[in-house]
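The structure appears right after this line, and notes come after that.
The values are calculated or read from the model by the stated rules, or taken from the named source; none is laboratory data. Because the structure is a prediction, the values reported are computed rather than measured. Heads up, the Cβs are rebuilt from the backbone with ideal geometry, glycines too, and the neighbour counts pull from every protein chain shown.
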Amino acid sequence: MSAVDLTLVGACGLYCGECEVYVAFSEGDLEKQEEIAESISRQFGAEIGPEQIICGGCRGPEEISFCAGCKIRPCATARGFATCAECDEMDNCETLGVFLGTDMGKAARRGLEEIRVLGVKEWLVRKGGGHP
């Protein structure tokens with residue numbers, strides 16, 4: 001069995017290839033980066049500029065990670081897990097729970113549930129980020 005490239009797999013269950021921040025940045029879509037920045041600024045009452053809409057993937061270089069302050073990835077890593085789907089405490093986790101209550105978190109929960117059923121390799125293949 002070949003190794004799985006987890007670069008675009010968030011420990012939270014998100015697939016970076018479907019993330020608007022990752023896609024806009026990787027495609028150099030400045031207009032979309034501006035739209036995302038405006039949306040985030042409105043939602044969270046924070047001033048986010050388009051230059052902050054950068055990301056090389058959840059496991060990519062930290063200097064270009066949109067979620068640099070993520071507490072989920074370090075938790076999973078410390079427990080030896082690729083994703084939270086492997087953790088018996090997933091359904092009651094305080095660290096993950098806050099995030100799963102957001103709009104983006106709903107997609108993450110679906111991802112984690114799919115990973116539990118399929119395994120991360122097959123899930124990644126179905127998302128288009130892996131090789132059969």
Problem set entry | Exclusive hit being in a loop (DSSP other than H, G, I, E, B), modelled with pLDDT of 95 or more, small (Gly, Ala, Ser) and over 11 Å from Cys12 (Cβ atoms), set Gly60, Gly80 | Gly80
Seminar exercise, completed: Residues of region 6-34 being touching a helix residue (DSSP H, G or I) at 6+ places or on another chain (Cβ under 8 Å), charged (D, E, K, R), in a helix (DSSP H, G or I) and farther than 28 Å from Ala82 by Cα, in sequence order, are Lys32, Glu34
For this session: Output the residues belonging to region 21-37 that are among the charged types (D, E, K, R) and either loosely packed, with under 14 Cβ neighbours inside 10 Å or modelled with pLDDT under 90 (or both).
Result: Glu27, Glu31
Problem set entry | Scan of region 106-132 for residues that are among the small types (Gly, Ala, Ser), in a helix (DSSP H, G or I) and surrounded by fewer than 20 Cβ atoms within 10 Å (Cβ to Cβ), ordered by number | Ala107
Exercise. Is it the case that region 66-75 has a residue that's over 23 Å from Lys127 (Cβ atoms), among the basic types (Lys, Arg) and touching a residue at least 24 places away in the same chain (Cβ under 8 Å)?
Worked result: yes
Seminar exercise, completed: Of the residues in region 83-105 that are part of a loop (DSSP other than H, G, I, E, B) and more than 15 Å from the chain's Cα centre (by Cα), the one that is surrounded by the fewest Cβ atoms within 10 Å (Cβ to Cβ) is Asp88
